Structures are given as structure tokens and as C-alpha cells.
1. In straight Cα distance, which lysines are under 20 Å from residue 29, not counting same-chain residues fewer than 8 positions off?
2. Once label points are set 7 Å from the Cα along Cα→Cβ at both residue 73 and residue 96, what is their separation, rounded to one decimal in nm?
3. Sorting 100, 46 on the 10 Å Cβ count, fewest up front, what's the list?
4. In terms of modelled amide H atoms, which long-range or inter-chain residues lie less than 5 Å from the amide H of residue 68?
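Every read-out reported here was derived from the displayed coordinates using simple, explicitly stated rules and does not represent laboratory data. Predicted model only: the values in this text are computed from it and were never measured. No Cβ is skipped: glycine too gets one built from the backbone with ideal geometry, and neighbour counts run over all protein chains shown.
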Amino acid sequence: MDLSSQALRDVIGWEGEVTVRIEEGAVRKFAEAVGIPFGKRVPPTFLGALMQGGAEGLEAFQDGTVHGEQSITYHRPVEIGDCITCTRKVSDVYERTGKFGKMTLVVVDTKGLSADGKVVFESSSTVIHSAR
């Protein structure tokens, strides 16, 4: 899908939500894939990989996009068995011209809440959509 810059800007303020259970098998596979020992702990980078999956309403960003930047602030460790509700919001969309032409950058902020409603983590991700 080829999206115009205006169409991307129109999603500023979009919010979505997904609830995930942190499963031991998924954490084990992730640890093996990145070459770190498993040890029944959730690696800090696991959430970054988890958040790269599609989210309802943001499917349009999947084609022609690359991951630009991400920051995560943890308020407590994530544990196997945790059920975390992730709320995502598009907070900004802006254009830049680079060596390969015009690109649109989309900033998505995510907050992860535990089952009791406490903040587990906060994240800000930037994806780059190429006009090519």
C-alpha cells in the first residue's frame, strides 16, 4: 500500500490496544534466536521484539517501513506469565529528505500495564516510511 504523507499525518492521535501474555516458550525462542542464555528471565529486549508485530489500525505502516529508533523505560521487570496490556498512540508524523529521497517518520508511543493497572514499561518507537 502506498500512503501519501498526508494520509500518514492523518493518523496522529490514533490509539490502539493489545493484551499479551508473556509465555515461557516465546521468551525461550527469543533468547535462543539472539544468542543469550534463557534462565527463566525475560530479557529486556524481548518487549522491543514483541512490539514490532502488527497492531490493528497500523497495518498500513508495514509495507515500505523500517525500524528507525526505539527507547524503553522499565518501571519493573517483566516476568514470564505476566499479562500486559499495551496501549499504542501515534504521537507524531513528520517528513525528512535523506540520501534516498523523501521519507515520513512515524512516532508511536506505547505504555504497558500489568493486570492490576500499574505501568510496567513505556516506549517510544520511530518507524520510517519510504515513498519509494
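1. 40
2. Placing both labels 7 Å beyond Cα along the Cβ direction yields 2.2 nm.
3. 100, 46
4. Here the answer is 126, 127, 128, since their amide H atoms fall under 5 Å of that of residue 68.
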